[in-house]
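As structure tokens, the structure follows; a few thoughts come after it.
The values are calculated or read from the model by the stated rules, or taken from the named source; none is laboratory data. Just so it is clear, the structure is predicted and the values come from calculations on it, not from any experiment. Methodologically, a virtual Cβ is constructed for each residue, glycine included, from the backbone with ideal geometry; neighbour enumeration extends over all protein chains shown. Ligands, DNA and RNA are stripped out before the accessible areas are found, and what is left, the full protein with its side chains, is counted by its heavy atoms. Shrake-Rupley method; radii C 1.70, N 1.55, O 1.52, S 1.80 Å.
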Amino acid sequence: MSGTHVLDALLALTRVLQADEERELDRRGLTGPRTHLMWVLFHGGPATQAHLAAALEVTPRHITTLVDALDTTGLAHREPHPTDRRAVLVHLTERGRSLMEAMDAEHTQLGADLVTGLDEATIETLVRGLDHVRGRLEELIAAHERAQHEREALA
């Protein structure tokens, strides 16, 4: 098998995962960015909007828009920060927490279902291989970005 076969398999897998994610989020009236923000709150607890912007790698303005949308739909709310009068903490509401608990359970179940029939050694090899491919892809993208910036600087 060649690298092209691996890339083609990864692209096919990506399409299937993205389509499933879009269906599931749409069914719940969510978007990817809103779900990502809720995931961070679910796993990390209440956070300032500045912390959330850094965690999601978006602008503070974008976080404000996301939190406003989650607040409007009753999935998250803001409370005054206990020690910093200038800041607020974003919390999941009970409804938001319940939704994330269900999504977390589904995530865990899907992970288990995906590897049903594989022995532990095969799963470990698969994870190592995928980690390697992801790491190489990140390196290649970074090198491409650097080269692109250098070409633009010379132009």
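Using the rule -39500 (n - 2.57) for each DSSP H run of four or more residues, divided by the residues of the chain, the 222 nm mean residue ellipticity is -25500 deg cm²/dmol. Under the simplified labelling scheme, the Ala121-Glu79 pair shows an inter-label distance of 5.1 nm, with each label point 7 Å from Cα along Cα→Cβ. Diffusion coefficient of the stretch 110-155 by Stokes-Einstein, Kirkwood radius over Cα pairs, 37 °C, 0.692 mPa s: 251 µm²/s. Compared with the dominant principal axis of the Cα atoms in the chain, helix 60-72 is inclined by about 70°. A simple spin-label model places the labels of Glu138 and Ala69 2.6 nm from each other, with each point 7 Å out along Cα-to-Cβ. Taking a quarter of the surface of the Cα convex hull of the stretch 8-155 gives a mean projected area of 12.8 nm².
Between Val127, Ala142, Thr108, whose Cα lies farthest towards the positive end of the dipole of the stretch 108-155 when Lys and Arg beta carbons carry +1 and Asp and Glu beta carbons carry -1, centred on the Cα centre? Ranked along the dipole, the leading option is Ala142. Applied to the stretch 13-25, the Karplus parametrisation 6.51 cos²θ - 1.76 cosθ + 1.60 on θ = phi - 60° returns per-residue 3J(HN,Hα) values of 4, 4, 4, 5, 5, 5, 5, 5, 4, 4, 4, 5, 5 Hz, with x for Gly and Pro. Heavy-atom surface analysis with a 1.4 Å probe gives the stretch 1-109 a carbon and sulfur content of 56 percent of its accessible area.
Spread over its residues, the convex hull of the C-alpha atoms of the stretch 31-75 is 62 Å³ per residue. Our coupling estimate for the stretch 30-46, obtained by passing each phi through the Karplus curve with A = 6.51, B = -1.76, C = 1.60 and θ = phi - 60°, is 10, 10, x, x, 5, 5, 4, 4, 5, 4, 4, 5, 4, 8, x, x, x Hz, Gly and Pro reported as x. Legend: translational diffusion of the stretch 72-122 by Stokes-Einstein, Rh = Kirkwood radius over C-alpha pairs, 37 °C, 0.692 mPa s; D = 237 µm²/s. For the chain, the longest principal axis of the Cα atoms and the long axis of helix 94-114 meet at an angle of about 10 degrees.
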